[in-house]
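Each remark here refers to the structure printed beneath this line.
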Amino acid sequence: MKPMDLGAARASTSLPAALGQRIEPTPESKPLLKIEELSLSRGESLILDNVTFSLRRGGTLGLLGESGAGKSTIALTLIGLLRTPEVGLSGTIELDGAGNVTEAGEDAWLKLRGRRVAMIFQDASAALNPCFTIGRQLMTPLRRVMGLSRSAARARAIELLESVGLNDTPSRLSAYPHQLSGGMQQRVMIAIALSSNPDLLLADEPTSALDVTIQAQIIRLILEETRRRSASCIFVLHDLALASQCCDDIVVLYGGQVMETGPSRIVLEAPMHPYTAALKGCVLEFDTEELRPLPSGAPSFASKTPGCRFAPRCPRALEKCAANKPPLADVHGRKLACWNPLT
Ligand SMILES: Nc1ncnc2c1ncn2[C@@H]1O[C@H](COP(=O)(O)OP(=O)(O)O)[C@@H](O)[C@H]1O
Ligand code: SF4
Ligand SMILES: [Mg+2]
(Lines give C-alpha, C1' and ligand atoms only; values in the text may rest on other atoms or scores of the structure.)
(Ligands and ions follow the chains in the order given, each with its own letter.)
Protein backbone atom coordinates (compact mmCIF):
# COMPACT_ATOMS: atom_id res chain seq x y z
CA MET A 1 0.00 0.00 0.00
CA LYS A 2 1.26 3.47 -0.89
CA PRO A 3 1.23 6.08 1.89
CA MET A 4 -1.06 9.05 1.45
CA ASP A 5 0.39 12.39 0.40
CA LEU A 6 0.68 14.59 3.44
CA GLY A 7 3.04 17.08 1.86
CA ALA A 8 4.49 19.36 4.48
CA ALA A 9 2.97 17.36 7.36
CA ARG A 10 6.11 15.29 7.40
CA ALA A 11 8.49 18.15 7.43
CA SER A 12 8.79 20.39 10.34
CA THR A 13 9.01 19.22 13.88
CA SER A 14 11.67 21.92 14.34
CA LEU A 15 9.44 24.83 13.37
CA PRO A 16 7.40 25.17 16.60
CA ALA A 17 10.62 25.17 18.59
CA ALA A 18 11.85 28.01 16.39
CA LEU A 19 8.61 29.86 17.09
CA GLY A 20 9.72 30.15 20.70
CA GLN A 21 7.14 30.30 23.44
CA ARG A 22 3.58 29.63 22.51
CA ILE A 23 1.49 32.79 22.29
CA GLU A 24 -1.28 32.31 24.85
CA PRO A 25 -4.89 32.84 23.77
CA THR A 26 -6.75 35.98 24.73
CA PRO A 27 -9.60 35.49 27.23
CA GLU A 28 -12.96 34.17 26.07
CA SER A 29 -15.09 36.59 24.11
CA LYS A 30 -18.03 36.37 21.77
CA PRO A 31 -17.63 34.74 18.36
CA LEU A 32 -16.41 36.87 15.50
CA LEU A 33 -17.35 34.16 13.05
CA LYS A 34 -19.95 31.43 13.28
CA ILE A 35 -20.26 28.94 10.45
CA GLU A 36 -23.22 26.58 10.55
CA GLU A 37 -23.94 23.69 8.19
CA LEU A 38 -22.02 25.30 5.35
CA SER A 39 -22.22 23.21 2.19
CA LEU A 40 -20.66 24.04 -1.16
CA SER A 41 -21.31 22.15 -4.36
CA ARG A 42 -19.87 22.29 -7.85
CA GLY A 43 -22.11 20.34 -10.22
CA GLU A 44 -22.54 16.84 -8.79
CA SER A 45 -19.68 17.26 -6.32
CA LEU A 46 -20.31 18.26 -2.73
CA ILE A 47 -16.98 19.92 -1.86
CA LEU A 48 -18.01 21.09 1.63
CA ASP A 49 -20.54 19.01 3.53
CA ASN A 50 -22.27 20.68 6.51
CA VAL A 51 -19.16 22.38 7.86
CA THR A 52 -19.77 23.88 11.32
CA PHE A 53 -17.33 25.77 13.55
CA SER A 54 -16.84 29.15 15.17
CA LEU A 55 -14.00 31.52 15.95
CA ARG A 56 -13.90 34.00 18.80
CA ARG A 57 -12.61 37.56 18.54
CA GLY A 58 -8.84 37.56 18.97
CA GLY A 59 -8.67 33.78 18.54
CA THR A 60 -6.62 31.65 16.16
CA LEU A 61 -8.00 28.60 14.43
CA GLY A 62 -6.25 26.04 12.22
CA LEU A 63 -7.89 24.21 9.34
CA LEU A 64 -6.11 20.88 8.99
CA GLY A 65 -6.31 18.01 6.56
CA GLU A 66 -4.73 16.45 3.50
CA SER A 67 -4.54 18.19 0.14
CA GLY A 68 -8.02 18.33 -1.31
CA ALA A 69 -9.78 18.34 2.09
CA GLY A 70 -11.50 21.65 1.35
CA LYS A 71 -9.34 24.02 3.44
CA SER A 72 -8.76 26.62 0.72
CA THR A 73 -12.39 26.31 -0.37
CA ILE A 74 -13.47 27.39 3.13
CA ALA A 75 -10.99 30.30 3.12
CA LEU A 76 -12.09 31.48 -0.34
CA THR A 77 -15.74 31.22 0.70
CA LEU A 78 -15.03 33.32 3.79
CA ILE A 79 -13.67 36.12 1.65
CA GLY A 80 -16.49 35.92 -0.89
CA LEU A 81 -14.36 34.73 -3.82
CA LEU A 82 -16.44 31.65 -4.72
CA ARG A 83 -19.49 33.47 -5.95
CA THR A 84 -19.74 32.03 -9.45
CA PRO A 85 -22.92 30.57 -11.00
CA GLU A 86 -21.63 26.97 -10.93
CA VAL A 87 -21.03 27.11 -7.16
CA GLY A 88 -23.98 26.26 -4.88
CA LEU A 89 -23.80 27.50 -1.29
CA SER A 90 -26.06 26.72 1.64
CA GLY A 91 -25.86 27.15 5.40
CA THR A 92 -24.82 30.30 7.24
CA ILE A 93 -21.66 32.33 7.75
CA GLU A 94 -22.34 34.88 10.50
CA LEU A 95 -19.71 37.59 10.66
CA ASP A 96 -20.15 39.73 13.79
CA GLY A 97 -21.66 43.06 12.79
CA ALA A 98 -22.29 42.01 9.18
CA GLY A 99 -24.92 39.31 9.76
CA ASN A 100 -25.21 36.28 7.49
CA VAL A 101 -22.83 36.90 4.58
CA THR A 102 -23.61 33.65 2.75
CA GLU A 103 -26.08 35.44 0.54
CA ALA A 104 -24.18 38.77 0.36
CA GLY A 105 -23.88 40.25 -3.12
CA GLU A 106 -20.72 41.65 -4.71
CA ASP A 107 -21.53 45.19 -3.53
CA ALA A 108 -21.62 43.98 0.06
CA TRP A 109 -18.43 41.95 -0.41
CA LEU A 110 -16.62 45.00 -1.80
CA LYS A 111 -17.23 46.62 1.59
CA LEU A 112 -16.27 43.52 3.60
CA ARG A 113 -13.25 42.29 1.64
CA GLY A 114 -10.08 43.96 2.89
CA ARG A 115 -11.93 45.97 5.56
CA ARG A 116 -13.38 43.09 7.61
CA VAL A 117 -11.75 40.02 6.08
CA ALA A 118 -8.34 39.85 4.39
CA MET A 119 -6.27 37.01 3.01
CA ILE A 120 -2.60 36.10 2.87
CA PHE A 121 -2.21 33.75 -0.07
CA GLN A 122 0.04 30.70 -0.18
CA ASP A 123 2.44 31.91 -2.83
CA ALA A 124 3.26 35.61 -2.57
CA SER A 125 5.19 35.57 -5.85
CA ALA A 126 2.00 34.49 -7.64
CA ALA A 127 -0.32 36.75 -5.65
CA LEU A 128 1.65 39.99 -6.12
CA ASN A 129 1.29 41.65 -9.52
CA PRO A 130 4.72 41.50 -11.24
CA CYS A 131 3.93 44.63 -13.31
CA PHE A 132 3.39 47.03 -10.39
CA THR A 133 5.76 48.30 -7.74
CA ILE A 134 5.37 47.28 -4.11
CA GLY A 135 4.42 50.88 -3.32
CA ARG A 136 1.57 50.88 -5.80
CA GLN A 137 0.23 47.53 -4.60
CA LEU A 138 0.34 48.67 -0.98
CA MET A 139 -0.91 52.22 -1.50
CA THR A 140 -3.86 51.36 -3.75
CA PRO A 141 -5.91 49.66 -0.97
CA LEU A 142 -4.85 52.38 1.49
CA ARG A 143 -6.23 55.03 -0.83
CA ARG A 144 -9.31 53.15 -2.05
CA VAL A 145 -10.35 51.30 1.10
CA MET A 146 -9.05 53.61 3.81
CA GLY A 147 -9.57 56.83 1.81
CA LEU A 148 -6.07 58.20 2.52
CA SER A 149 -4.47 60.95 0.48
CA ARG A 150 -1.45 60.06 -1.65
CA SER A 151 1.07 61.39 0.85
CA ALA A 152 -0.72 59.83 3.84
CA ALA A 153 -0.91 56.48 2.01
CA ARG A 154 2.84 56.66 1.29
CA ALA A 155 3.65 57.38 4.92
CA ARG A 156 1.34 54.56 6.09
CA ALA A 157 2.84 52.15 3.52
CA ILE A 158 6.31 52.85 4.92
CA GLU A 159 5.03 52.28 8.46
CA LEU A 160 3.41 48.99 7.46
CA LEU A 161 6.55 47.72 5.73
CA GLU A 162 8.56 48.58 8.84
CA SER A 163 6.04 46.78 11.05
CA VAL A 164 6.50 43.57 9.06
CA GLY A 165 10.26 43.77 9.45
CA LEU A 166 11.46 45.19 6.13
CA ASN A 167 14.37 47.61 6.19
CA ASP A 168 15.24 50.44 3.78
CA THR A 169 11.49 50.89 3.36
CA PRO A 170 11.29 54.06 1.18
CA SER A 171 13.34 52.35 -1.51
CA ARG A 172 11.25 49.14 -1.22
CA LEU A 173 8.24 51.13 -2.36
CA SER A 174 9.75 51.56 -5.81
CA ALA A 175 10.87 47.92 -6.06
CA TYR A 176 9.06 45.30 -8.17
CA PRO A 177 8.15 41.93 -6.61
CA HIS A 178 10.93 40.08 -8.48
CA GLN A 179 13.50 42.31 -6.79
CA LEU A 180 12.54 40.91 -3.36
CA SER A 181 13.25 37.48 -1.86
CA GLY A 182 10.37 35.04 -1.18
CA GLY A 183 10.33 35.94 2.51
CA MET A 184 10.27 39.67 1.74
CA GLN A 185 7.43 39.16 -0.75
CA GLN A 186 5.44 37.31 1.91
CA ARG A 187 6.07 40.17 4.37
CA VAL A 188 4.71 42.58 1.76
CA MET A 189 1.61 40.37 1.37
CA ILE A 190 1.11 40.45 5.13
CA ALA A 191 1.46 44.26 5.12
CA ILE A 192 -1.16 44.50 2.34
CA ALA A 193 -3.53 42.16 4.21
CA LEU A 194 -3.12 44.16 7.44
CA SER A 195 -3.33 47.57 5.77
CA SER A 196 -7.07 47.94 6.32
CA ASN A 197 -7.06 46.57 9.89
CA PRO A 198 -9.29 43.56 9.13
CA ASP A 199 -11.07 41.70 11.95
CA LEU A 200 -10.39 38.38 10.32
CA LEU A 201 -7.18 37.35 8.61
CA LEU A 202 -7.11 34.22 6.48
CA ALA A 203 -3.63 32.76 6.04
CA ASP A 204 -3.69 29.96 3.45
CA GLU A 205 -0.50 27.96 4.00
CA PRO A 206 1.40 31.24 4.30
CA THR A 207 4.82 29.65 4.61
CA SER A 208 4.68 26.59 2.38
CA ALA A 209 6.48 28.43 -0.47
CA LEU A 210 9.22 29.66 1.87
CA ASP A 211 12.56 28.40 3.04
CA VAL A 212 12.20 26.57 6.37
CA THR A 213 14.54 29.04 8.08
CA ILE A 214 12.10 31.94 7.67
CA GLN A 215 8.84 30.03 8.13
CA ALA A 216 8.86 30.53 11.90
CA GLN A 217 9.54 34.27 11.56
CA ILE A 218 6.57 34.69 9.22
CA ILE A 219 4.17 32.70 11.41
CA ARG A 220 5.27 34.63 14.49
CA LEU A 221 4.85 37.90 12.61
CA ILE A 222 1.28 37.01 11.61
CA LEU A 223 0.45 35.97 15.18
CA GLU A 224 1.94 39.09 16.72
CA GLU A 225 0.36 41.49 14.26
CA THR A 226 -3.10 39.93 14.54
CA ARG A 227 -2.80 39.87 18.33
CA ARG A 228 -1.71 43.53 18.42
CA ARG A 229 -4.80 44.47 16.42
CA SER A 230 -7.14 42.17 18.41
CA ALA A 231 -7.93 40.49 15.10
CA SER A 232 -8.68 36.79 14.62
CA CYS A 233 -6.77 34.50 12.31
CA ILE A 234 -7.61 31.31 10.45
CA PHE A 235 -4.50 29.41 9.43
CA VAL A 236 -4.77 26.82 6.68
CA LEU A 237 -2.13 24.26 7.56
CA HIS A 238 -1.19 20.67 7.16
CA ASP A 239 1.53 20.77 9.75
CA LEU A 240 0.11 19.39 13.00
CA ALA A 241 3.06 20.37 15.15
CA LEU A 242 2.79 23.96 13.97
CA ALA A 243 -0.98 23.97 14.52
CA SER A 244 -0.54 22.82 18.11
CA GLN A 245 1.77 25.79 18.74
CA CYS A 246 -0.02 28.62 17.01
CA CYS A 247 -3.74 27.76 16.99
CA ASP A 248 -6.12 27.97 19.94
CA ASP A 249 -8.57 25.68 18.14
CA ILE A 250 -8.37 23.35 15.20
CA VAL A 251 -10.83 21.92 12.70
CA VAL A 252 -9.79 18.61 11.13
CA LEU A 253 -11.34 18.16 7.69
CA TYR A 254 -11.58 15.12 5.47
CA GLY A 255 -13.33 15.20 2.12
CA GLY A 256 -15.05 18.47 3.02
CA GLN A 257 -16.51 17.07 6.26
CA VAL A 258 -15.50 18.15 9.77
CA MET A 259 -14.10 15.07 11.49
CA GLU A 260 -12.97 16.53 14.81
CA THR A 261 -12.77 20.06 16.19
CA GLY A 262 -11.90 21.68 19.50
CA PRO A 263 -9.02 23.21 21.46
CA SER A 264 -5.81 22.23 19.67
CA ARG A 265 -4.11 20.96 22.82
CA ILE A 266 -6.97 18.59 23.63
CA VAL A 267 -7.51 17.34 20.09
CA LEU A 268 -3.88 16.95 19.08
CA GLU A 269 -2.63 15.51 22.36
CA ALA A 270 -5.31 12.84 22.49
CA PRO A 271 -7.13 12.56 19.15
CA MET A 272 -10.33 10.55 19.32
CA HIS A 273 -11.14 10.52 15.62
CA PRO A 274 -9.33 7.82 13.62
CA TYR A 275 -8.48 10.35 10.90
CA THR A 276 -6.90 12.85 13.33
CA ALA A 277 -4.96 9.97 14.87
CA ALA A 278 -3.87 8.88 11.41
CA LEU A 279 -2.68 12.40 10.54
CA LYS A 280 -0.68 12.44 13.75
CA GLY A 281 0.79 9.04 12.93
CA CYS A 282 2.03 10.34 9.59
CA VAL A 283 4.18 13.06 11.15
CA LEU A 284 7.81 12.21 11.59
CA GLU A 285 8.93 12.84 15.16
CA PHE A 286 12.64 12.80 15.90
CA ASP A 287 12.14 10.63 18.97
CA THR A 288 9.76 8.04 17.54
CA GLU A 289 10.69 4.97 15.67
CA GLU A 290 8.49 4.94 12.57
CA LEU A 291 5.94 6.63 10.41
CA ARG A 292 2.49 5.05 10.37
CA PRO A 293 1.21 5.91 6.90
CA LEU A 294 -2.43 5.52 5.96
CA PRO A 295 -3.44 3.55 2.91
CA SER A 296 -3.62 5.77 -0.16
CA GLY A 297 -6.95 6.92 -1.50
CA ALA A 298 -8.98 10.02 -2.10
CA PRO A 299 -12.38 10.83 -0.66
CA SER A 300 -15.45 10.70 -2.85
CA PHE A 301 -17.06 14.11 -3.25
CA ALA A 302 -20.17 12.64 -4.91
CA SER A 303 -23.08 14.44 -3.32
CA LYS A 304 -24.89 11.16 -2.79
CA THR A 305 -22.15 9.57 -0.63
CA PRO A 306 -24.33 8.67 2.36
CA GLY A 307 -21.92 7.79 5.16
CA CYS A 308 -18.55 8.81 6.59
CA ARG A 309 -16.24 9.81 3.74
CA PHE A 310 -13.24 8.35 5.57
CA ALA A 311 -14.80 4.85 5.70
CA PRO A 312 -12.86 3.30 2.75
CA ARG A 313 -9.53 4.08 4.48
CA CYS A 314 -10.51 3.82 8.12
CA PRO A 315 -8.96 1.02 10.20
CA ARG A 316 -11.89 1.22 12.68
CA ALA A 317 -14.75 1.27 10.17
CA LEU A 318 -17.94 -0.55 11.16
CA GLU A 319 -20.59 -1.85 8.86
CA LYS A 320 -22.83 1.15 9.36
CA CYS A 321 -20.08 3.72 8.68
CA ALA A 322 -20.40 3.71 4.90
CA ALA A 323 -24.18 3.92 5.03
CA ASN A 324 -24.82 6.47 7.77
CA LYS A 325 -23.08 9.77 8.27
CA PRO A 326 -22.05 10.24 11.91
CA PRO A 327 -23.29 13.49 13.48
CA LEU A 328 -20.85 16.03 14.93
CA ALA A 329 -21.33 15.48 18.67
CA ASP A 330 -19.76 16.87 21.85
CA VAL A 331 -17.38 14.30 23.34
CA HIS A 332 -14.68 14.91 25.97
CA GLY A 333 -14.04 18.61 25.34
CA ARG A 334 -14.23 18.49 21.54
CA LYS A 335 -16.72 17.85 18.74
CA LEU A 336 -16.39 14.57 16.93
CA ALA A 337 -18.08 12.88 13.96
CA CYS A 338 -17.42 9.16 14.33
CA TRP A 339 -19.35 5.98 15.08
CA ASN A 340 -16.34 4.19 16.55
CA PRO A 341 -13.91 6.74 18.08
CA LEU A 342 -10.73 5.97 19.94
CA THR A 343 -11.11 6.15 23.69
N1 LIG B 1 -11.97 25.19 -9.36
C2 LIG B 1 -12.39 23.99 -8.98
N3 LIG B 1 -13.25 23.27 -9.76
C4 LIG B 1 -13.70 22.06 -9.36
N5 LIG B 1 -13.36 21.47 -8.20
C6 LIG B 1 -12.51 22.11 -7.41
C7 LIG B 1 -11.99 23.41 -7.74
N8 LIG B 1 -11.17 23.81 -6.72
C9 LIG B 1 -11.19 22.82 -5.81
N10 LIG B 1 -11.99 21.81 -6.23
C11 LIG B 1 -12.28 20.57 -5.51
O12 LIG B 1 -12.44 20.91 -4.15
C13 LIG B 1 -11.69 20.01 -3.33
C14 LIG B 1 -11.12 20.80 -2.20
O15 LIG B 1 -10.09 21.64 -2.73
P16 LIG B 1 -9.28 22.66 -1.83
O17 LIG B 1 -10.21 23.46 -1.03
O18 LIG B 1 -8.36 23.39 -2.74
O19 LIG B 1 -8.46 21.67 -0.87
P20 LIG B 1 -7.25 21.97 0.11
O21 LIG B 1 -7.05 23.43 0.21
O22 LIG B 1 -7.66 21.34 1.40
O23 LIG B 1 -6.08 21.27 -0.49
C24 LIG B 1 -10.64 19.39 -4.23
O25 LIG B 1 -10.45 18.05 -3.91
C26 LIG B 1 -11.19 19.53 -5.61
O27 LIG B 1 -11.80 18.30 -5.95
S1 SF4 C 1 -17.41 6.88 11.38
FE2 SF4 C 1 -16.59 4.85 11.01
S3 SF4 C 1 -15.40 5.06 9.11
FE4 SF4 C 1 -15.75 7.11 9.89
S5 SF4 C 1 -13.94 7.53 11.07
FE6 SF4 C 1 -15.47 6.72 12.50
S7 SF4 C 1 -15.05 4.54 12.58
FE8 SF4 C 1 -13.98 5.33 10.80
MG1 LIG D 1 -5.36 24.58 -0.33
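The values are calculated or read from the model by the stated rules, or taken from the named source; none is laboratory data. Model, not experiment: these values are computed from the prediction. With ideal geometry, Cβ positions are generated from the backbone for all residues, glycine too; neighbour counts draw on all protein chains shown. To get the accessible areas, we keep the full protein, side chains included, count just its heavy atoms, and leave off ligands, DNA and RNA. Shrake-Rupley method; radii C 1.70, N 1.55, O 1.52, S 1.80 Å.
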If you take the residues in the range 42-86 that are hydroxyl-bearing (Ser, Thr, Tyr) and over 12 Å from the mean Cα position of the chain (by Cα), which one is farthest from ligand 2 (Cβ to nearest atom)?
-> 84
Scan the range 54-86 for residues that are within 16 Å of ligand 3 (Cβ to nearest atom) and outside any strand (DSSP E or B) and report the count.
-> 17
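Test of understanding: among 102, 84, which residue is of a type in the set (S, T, N, Q) and either at pLDDT 95 or above or touching a Leu at 6+ places or on another chain (Cβ under 9 Å) (or both)? Write out each step before concluding.
Working: 84 fails: either at pLDDT 95 or above or touching a Leu at 6+ places or on another chain (Cβ under 9 Å) (or both).
Sole residue among the options that is of a type in the set (S, T, N, Q) and either at pLDDT 95 or above or touching a Leu at 6+ places or on another chain (Cβ under 9 Å) (or both): 102.
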Out of 73, 60, report the one residue that is more than 16 Å from ligand 1 (Cβ to nearest atom), touching a residue at least 60 places away in the same chain (Cβ under 8 Å) and either closer than 27 Å to residue 267 by Cα or surrounded by fewer than 18 Cβ atoms within 10 Å (Cβ to Cβ) (or both).
-> 60
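In the range 255-270, how many are in a helix (DSSP H, G or I) and either touching a residue at least 60 places away in the same chain (Cβ under 8 Å) or open to solvent by less than 10 Å² (accessible area, probe 1.4 Å) (or both)?
Residues of the range 255-270 that are in a helix (DSSP H, G or I), as a first pass: 264-269.
Narrowing further to those that are either touching a residue at least 60 places away in the same chain (Cβ under 8 Å) or open to solvent by less than 10 Å² (accessible area, probe 1.4 Å) (or both): 264, 266-267.
Total meeting the criteria: 3.
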Number of positions in the range 179-235 that are without any contact (Cβ under 8 Å) to a residue 60 or more places away in the chain, among the basic types (Lys, Arg) and part of a helix (DSSP H, G or I) = 2
Looking at the range 226-285, which of its residues are of a type in the set (Asp, Glu) and within 16 Å of ligand 3 (Cβ to nearest atom)?
-> 239
In the range 313-336, anything hydrophobic (A, V, I, L, M, F, W, C), surrounded by fewer than 19 Cβ atoms within 10 Å (Cβ to Cβ) and either within 8 Å of ligand 2 (Cβ to nearest atom) or under 16 Å from residue 301 (Cα atoms) (or both) is listed as 317, 318, 322, 323
